[in-house]
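The values are calculated or read from the model by the stated rules, or taken from the named source; none is laboratory data. Keep in mind the model is a prediction, meaning the values are calculated, not measured. A quick note on method: Cβ atoms are made from the backbone with ideal geometry, for glycine too, and the neighbour counts reach across all protein chains shown. The protein model used for the area step is the full one, side chains on, heavy atoms only, and it has no ligands, DNA or RNA in it. Shrake-Rupley method; radii C 1.70, N 1.55, O 1.52, S 1.80 Å.
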Amino acid sequence: ATSVKGAYFTRQITDMRRQSRIGRVAEDPLMTRRLFVDIGGTGQNADAFTMWGAQFIGREVRVLHYYEQVGQDVGHHVAWMKANGYLPGAAEIYLPHDGATHDKVFDVSYESALTAAGYSVSVIPNQGRGAAMARIQAARRVFPSVWMNEETTSSGVEALGWYHEKWDDERDVGLGPAHDWASHGADAFGLLAVVAEDHMRSGPGLDRSGGFKRRGSPMAV
């Protein structure tokens with residue numbers, strides 16, 4: 001990452017390694033598992049579908065898994081969730097605002113499909129103009145609280161390290177986040193950061209996230 005001009009998270013990942021916050025991270029069986037998604041698609045040239053799996057333990061963000069697939073349908077993603085302990089009725093899923101829109105191939109939204117599979121689903125509202133930079137800033141603020149399980153998140157950490165600003169060398173100006181193989185994992189991590197900040201504002205130890213539209217949970221408010 002240090003060789004990529006405009007890399008957004010070089011210092012944060014370096015600090016995590018120096019402080020041994022990338023290593024073995026244990027799950028707390030009493031706390032909710034959460035999945036944070038960047039939407040892909042099922043078409044031949046679809047963007048990657050990515051997810052970070054995490055738990056909020058007080059003011060710690062324990063990141064347990066990173067998942068990335070291209071061109072797979074919802075059933076494939078759900079099978080991975082179940083195989084890795086993110087079970088219907090127990091795990092919570094957070095989608096970006098486009099999670100409520102229909103897939104270009106199948107006439108169903110990710111929100112409705114995952115709700116039908118038994119999951120509690122929250123859709124994070126569109127942050128509007130400058131949303132990508134807002135997620136980057138949220139991630140930078142949250143990084144000091146993040147612990148990563150290295151064995152199951154290494155490809156996601158690699159994506160975060162590569163995520164960088166697109167640069168116009170001729171004018172020597174930045175053009176905003178580059179949309180490439182790393183941006184999907186980084187966007188999903190940005191979503192995690194936005195929800196984690198909301199969780200921390202709600203109070204350490206509270207197993208909830210306020211202000212987001214939620215579906216499929218009898219405990220939703």
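Descriptive notes on the structure:
- Counted residues, the stretch 100-115 - those being modelled with pLDDT of 90 or more and touching a Gly at 6+ places or on another chain (Cβ under 8 Å): 4
- Residue in the stretch 40-58 that is buried (at least 16 other Cβ atoms within 10 Å of the Cβ), at pLDDT below 95 and polar (S, T, N, Q) present: yes
- Count of the stretch 52-70 residues, restricted to those that are under 21 Å from M200 (Cβ atoms), in a strand (DSSP E or B), in contact with a helix residue (DSSP H, G or I) (Cβ under 7 Å, 6 or more places away or on another chain) and not small (G, A, S), is 6.
- Residue list for the stretch 71-98, filter: of a type in the set (V, I, T), in a helix (DSSP H, G or I) and open to solvent by less than 30 Å² (accessible area, probe 1.4 Å): V78
- Filter pass, I22 being closer than 22 Å to I124 by Cβ and surrounded by 18 or more Cβ atoms within 10 Å (Cβ to Cβ): no
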